Amino acid sequence: GNLGSTPTLTWNTAYDLDGQSGRIYRGHKICKIGANRVAIVCRSTNSSTCRWDQDKPGVIIGDITNSNEYTYRNFLQLSSTSLAQSSEFDLNIVYNSTDDLSLITMNSSSNSAVIAIKVASGNSATITKSSSDVQLYHVASTWHSTVHHSGSNTFVYAFRATASTNTITGKITVASSDLAITKSGNTQTITNATTNGICLAVGEKGGLYLFY
């Protein structure tokens, strides 16, 4: 779509997300990962019609051409872990423009995990991911929010531990060379934080803001 100076908001014709007609994915989160490129993380609903196995998380890459036209480029199943419908909306993707890589968080019925990906330039849009899922938390969680802090070149995350009222926060670094993920040892817990949603933001001067 386009936003005019008036401002007037207009939307163009809908495009097929994965280049195929009528395929259904759920829990979509979209992220700009280049000048004219987007990554969409979501859950497949059908092994025979979608691009990857049913109930598994994956990422779809597309390009925005002629300012408002979408072209599908590539896909990758991210994990063999199934996502329940109740956790599909905890998928999240954040882009690090410094190293041209993205961090994806996801949640299953048993734990939370993170994966890093890089997408090659050009129409092939080859996707490389970290060697394995890295456990973010030992039990299920919800209300995931993640930001990239450019000043320290780290990712900062926050979520609610499903079995409690605690909000868990921490930071992650991703090596640009091999996408190795390192979790910081100083995870912070906000206890008894009654949460109906979580949102992290980075201020203009690099300050971090947590809303819960």
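The values are calculated or read from the model by the stated rules, or taken from the named source; none is laboratory data. All figures in this text were calculated on a predicted structure; none of them were measured in a lab. Cβ placement follows ideal geometry from the backbone for every residue including glycine, while neighbour counts extend to all protein chains displayed. Protein only, heavy atoms only, side chains kept; ligands, DNA and RNA dropped before computing areas. Shrake-Rupley method; radii C 1.70, N 1.55, O 1.52, S 1.80 Å.
Numbers below:
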{"quantity": "Label-to-label distance, nm, for residues given as Asp178 and Ser21 (7 Å Cα→Cβ offset)", "calculated": "4.7 nm"}
{"quantity": "Whether segment 141-212 is rounded, prolate or oblate, judged on the alpha carbon gyration tensor where a/c under 1.5 counts as rounded", "calculated": "oblate"}
{"quantity": "Label point distance in nm, Ala163-Thr191, each placed 7 Å from Cα along Cα→Cβ", "calculated": "1.7 nm"}
{"quantity": "Sulfur and carbon atoms: percent of accessible area, segment 129-210 [1.4 Å]", "calculated": "48 percent"}
{"quantity": "Accessible carbon and sulfur surface of segment 1-70 relative to its total accessible area, %, 1.4 Å", "calculated": "48 percent"}
{"quantity": "Cα gyration tensor shape of segment 13-151, rounded if a/c is under 1.5, else prolate or oblate by comparing a/b with b/c", "calculated": "oblate"}
{"quantity": "Cut-off 15 Å, label 7 Å out along Cα→Cβ of Ser67, residues of segment 26-58 by amide N", "calculated": "none"}
{"quantity": "Coordinate range along principal axes, alpha carbons of segment 4-55, Å, largest first", "calculated": "45, 22, 17"}
{"quantity": "Which of Phe159, Phe75, Phe211 is most accessible, then next, and so on - probe 1.4 Å", "calculated": "Phe211, Phe75, Phe159"}
{"quantity": "Span from the segment 140-200 Cα centroid across to the segment 24-81 one, whole angstrom", "calculated": "23 Å"}
{"quantity": "Accessible surface, segment 108-180, averaged per residue in Å² (probe 1.4 Å)", "calculated": "42 Å²"}
